[in-house]
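Remarks on the structure that follows.
Every read-out reported here was derived from the displayed coordinates using simple, explicitly stated rules and does not represent laboratory data. Bear in mind that the values here come from a model prediction, so they are computed numbers and not experimental data. In this analysis, Cβ positions are derived from the backbone assuming ideal geometry, glycine residues included, and neighbour counts consider all displayed protein chains.
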Amino acid sequence: MSYLIWWTLLKHLRDFAKLQPEMTGIDVRAGAKKPKDPYPCVEFIWDDEDAQNLYKTKEGELTIWCDCWIKNSDKDPAAGYEELCAMQEKACEVIVRWTDAVMEEMNMFINLELNGIVSDGESNRPLCGSRMVLKINWKRCD
């Protein structure tokens, strides 16, 4: 039994996402990389795991980030926004399906909240990125 669950869930999410048709042609990884290439890419990054009882831990809370990055050299910045938004939608579809996979494969219930999306502030053009903050409440079903 793992006392800390963040790496177990993050690794499972990465492995699940890599196999999904929406992620074809997108580099999916656990952890941040600089430079970010190849583009487009999705990075699942651990933020924090809330305090929990170490004795027979059955539930907990975890925050992860889903960073999406694209490269778009179009002179119209809206083209980059459109491409980034499409990628965010794909990532959300995969993450929602992942909760079912966790139940089936890990015997854990996952309640997932999107606590916000943050822009990279357009400071990296022609790169365009965002961070989705995901709050995960998990509970073992055994």
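Cβ-Cβ distances below 9 Å connect the following pairs, each with a first residue in the stretch 22-42 that is aromatic (F, W, Y), a second residue that is not in a loop (DSSP other than H, G, I, E, B), and a separation of six or more residues or different chains: Y39/D27; Y39/W69; Y39/I70; Y39/K71; Y39/L127. Residues considered: K90, K33. Of these, the only one that is surrounded by fewer than 17 Cβ atoms within 10 Å (Cβ to Cβ) and either closer than 18 Å to S119 by Cα or not small (G, A, S) (or both) is K33. Residues in the stretch 94-136 that are surrounded by 14 or more Cβ atoms within 10 Å (Cβ to Cβ) and in contact with a Gly (Cβ under 8 Å, 6 or more places away or on another chain) were compared, and the one that is farthest from T57 (Cα to Cα) is C128.
When C68 is tested against (1) within 14 Å of S119 (Cβ to Cβ); (2) surrounded by fewer than 16 Cβ atoms within 10 Å (Cβ to Cβ), exactly one condition is not met: (2).
Entry remark, the stretch 74-114: residues being hydroxyl-bearing (S, T, Y) and either under 17 Å from F44 (Cα atoms) or in contact with a Leu (Cβ under 7 Å, 6 or more places away or on another chain) (or both) number 1 in total. Among the residues making up the stretch 1-26, those that are out of contact with any helix residue (DSSP H, G or I) (no Cβ under 9 Å at 6 or more places or on another chain), surrounded by 15 or more Cβ atoms within 10 Å (Cβ to Cβ) and either in a strand (DSSP E or B) or not basic (K, R) (or both) are I5, W6, L10. When each of G116, G80, G60, G121 is tested for being in contact with a Cys (Cβ under 6 Å, 6 or more places away or on another chain), farther than 19 Å from R29 by Cα and of a type outside the set (D, E), the lone residue that passes is G80. Selection over the stretch 92-142 of residues that are free of Cβ contacts under 8 Å to residues at least 60 places away in the same chain, under 20 Å from I64 (Cα atoms) and hydroxyl-bearing (S, T, Y) gives a count of 2. Residues that are basic (K, R) and under 16 Å from the mean Cα position of the chain (by Cα) within the stretch 2-60 comprise K11, R14, K18, R29, K33, K36, listed in sequence order.
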